[in-house]
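To keep things clear, I will list the structure first and then write my remarks on it.
The values are calculated or read from the model by the stated rules, or taken from the named source; none is laboratory data. The shown structure was predicted, so the numbers you read here are calculated from the model rather than taken from an experiment. Note: ideal-geometry Cβ built from the backbone for every residue, glycine included; neighbour counts use all protein chains shown.
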Amino acid sequence: QKEVEQNSGPLSVPEGAIASLNCTYSDRGSQSFFWYRQYSGKSPELIMSIYSNGDKEDGRFTAQLNKASQYVSLLIRDSQPSDSATYLCAVIKDGGTSYGKLTFGQGTILTVHP
Amino acid sequence: DAGVIQSPRHEVTEMGQEVTLRCKPISGHDYLFWYRQTMMRGLELLIYFNNNVPIDDSGMPEDRFSAKMPNASFSTLKIQPSEPRDSAVYFCASTSGQGSQPQHFGDGTRLSIL
């Protein structure tokens, strides 16, 4: 089992729809969770961070965390063509030799079509 | 506010040559990370430093790879001798705090080994 797994893509949604991106992680000791967006040929860009159970909203983006289910998701409301990118889920396992180490999922390619 | 600065942006060299990639982290950040990204393997952590000291180098593929951080504002990743399978995009990232904060990425170095 991979440490961080994302739902297989690519994901295609129409403009204006809600895009739902999912991620599961294997280590219950994980404490910090991030979503990065990466446009083709560019570097990963942080768009959301979440540390406690529940929802966190920032504009059109909502991150959801459920530590009991070891599940984190990203919802993008009113999707725009400019949201088309690869979305990377990343997890930090605080403590021990993994302290500060960020583990990435394989990424989900999102395409928003007009 | 300057971000993470990497150089060169592109590097093309022949197999067997030494390659040196450079990174300047964000001022005040005490964690520095080197990643490699390929289509096949995604984003992989190679090594990371805390306060200029290597913490985890388990991701370094083999002895041909080495990394140093002589001071808080500079790090290098060296490949000697280089091989075609080393072709990838290499990212440097930095963060501050207690290791649980999001990482900020440089623009990357696109390396091609012929």
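Assorted remarks:
- Within the stretch B:4-58, the residues that satisfy the criterion of being within 19 Å of B:ILE113 (Cβ to Cβ) and facing chain A (nearest Cβ under 10 Å) are B:GLN6, B:TYR35, B:GLN37, B:ARG41, B:GLU44.
- B:ALA72 in contact (Cβ under 8 Å) with a residue 40 or more places away in the chain and away from every other protein chain (no Cβ under 13 Å): yes
- Check on A:THR108, within 14 Å of another protein chain (Cβ to nearest Cβ), touching a residue at least 40 places away in the same chain (Cβ under 8 Å) and either crowded, with 18+ Cβ neighbours inside 10 Å or more than 26 Å from B:MET40 (Cα to Cα) (or both): yes
- Counting only residues that are touching a residue at least 24 places away in the same chain (Cβ under 8 Å) and either of a type in the set (S, T, N, Q) or surrounded by fewer than 16 Cβ atoms within 10 Å (Cβ to Cβ) (or both), the stretch B:49-60 holds 1 of them.
- The lone exception for B:ASP1 - which of (1) modelled with pLDDT under 90; (2) within 14 Å of chain A (Cβ to nearest Cβ) it fails: (2)
- B:ARG41 free of Cβ contacts under 8 Å to residues at least 24 places away in the same chain and basic (Lys, Arg): yes
- Only listed residue being surrounded by fewer than 15 Cβ atoms within 10 Å (Cβ to Cβ) and either touching a residue at least 40 places away in the same chain (Cβ under 8 Å) or touching a Cys at 6+ places or on another chain (Cβ under 6 Å) (or both), chosen from B:HIS29, B:HIS10: B:HIS10
- Flag for B:SER82 being under 15 Å from B:VAL4 (Cα atoms), in contact (Cβ under 8 Å) with a residue 40 or more places away in the chain and either within 14 Å of chain A (Cβ to nearest Cβ) or buried (at least 18 other Cβ atoms within 10 Å of the Cβ) (or both): no
- Residue list for the stretch A:1-24, restricted to those being within 17 Å of A:THR62 (Cα to Cα) and exposed (fewer than 13 other Cβ atoms within 10 Å of the Cβ): A:GLY16, A:ILE18
- Of all residues in the stretch A:40-57, those being touching a strand residue (DSSP E or B) at 6+ places or on another chain (Cβ under 6 Å) and either within 14 Å of chain B (Cβ to nearest Cβ) or free of Cβ contacts under 8 Å to residues at least 12 places away in the same chain (or both) number 11.
- Hits in the stretch A:31-58 - residues which are charged (D, E, K, R) and exposed (fewer than 12 other Cβ atoms within 10 Å of the Cβ): A:ASP55, A:ASP58
- Flag for A:SER73 being touching a residue at least 40 places away in the same chain (Cβ under 8 Å), over 30 Å from B:HIS10 (Cα atoms) and surrounded by 13 or more Cβ atoms within 10 Å (Cβ to Cβ): yes
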